[in-house]
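Asks: What follows is a structure written as structure tokens; I'll ask about it next.
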Amino acid sequence: MFCTFVELVHKISMKVSNYILINRRKFYLNEWITLSDYSNKYNVNLSTLTNWLYRSVIGKQDYIRVPELNNILLIRDKEYKPRAYNKKES
């Protein structure tokens, strides 16, 4: 049975996965975003994001490195807020 071009494209696109496997774990791509895209979407500087990763504002469960993509860093697509610090009294 023959199908139209549109039907064929639809069948092929249904077979393309929307997740990546890293260490046998599935990560759905609609939940993750690159640092650059996050910076643009939430209006946060890249240096601030790097600082948040270093200070664990963005927890280990909220970022992944993708070795197959030159170790690109993906973070969960949600808004993060830094912790408030109490000022020291002089």
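Just so you know, all these numbers are worked out from the coordinates, no wet-lab data involved. In this text the structure is predicted, and so the values were computed from the model without any measurement. Note that each Cβ is placed from the backbone with ideal geometry, even for glycine, and that neighbours are counted across all protein chains shown.
Asks: Please go through the range 53-79 and pick out each residue that is assigned to a helix (DSSP H, G or I) and in contact with a strand residue (DSSP E or B) (Cβ under 9 Å, 6 or more places away or on another chain).
Replies: 53, 61, 62, 67, 68, 69, listed by residue number.
Asks: Taking the range 54-90, which residues are of a type in the set (A, V, I, L, M, F, W, C) and under 23 Å from residue 19 (Cβ atoms)?
Replies: 58, 64, 66, 69, 72, 73, 74, 75
Asks: Could I ask something else about it? Collect the residues in the range 38-52 that are assigned to a loop (DSSP other than H, G, I, E, B) and under 12 Å from residue 81 (Cβ atoms), keeping them in residue-number order.
Replies: Once the filter is applied, which keeps residues that are assigned to a loop (DSSP other than H, G, I, E, B) and under 12 Å from residue 81 (Cβ atoms), the range 38-52 yields only 44.
Asks: Working only within the range 20-33, note down all residues that are surrounded by 10 or more Cβ atoms within 10 Å (Cβ to Cβ), over 9 Å from residue 76 (Cα atoms) and not basic (Lys, Arg).
Replies: The answer is 20, 21, 22, 27, 28, 29.
Asks: Any chance you could count how many residues in the range 41-90 are surrounded by 12 or more Cβ atoms within 10 Å (Cβ to Cβ) and of a type in the set (Phe, Trp, Tyr)?
Replies: Residues in the range 41-90 being surrounded by 12 or more Cβ atoms within 10 Å (Cβ to Cβ) and of a type in the set (Phe, Trp, Tyr): 4 in total.
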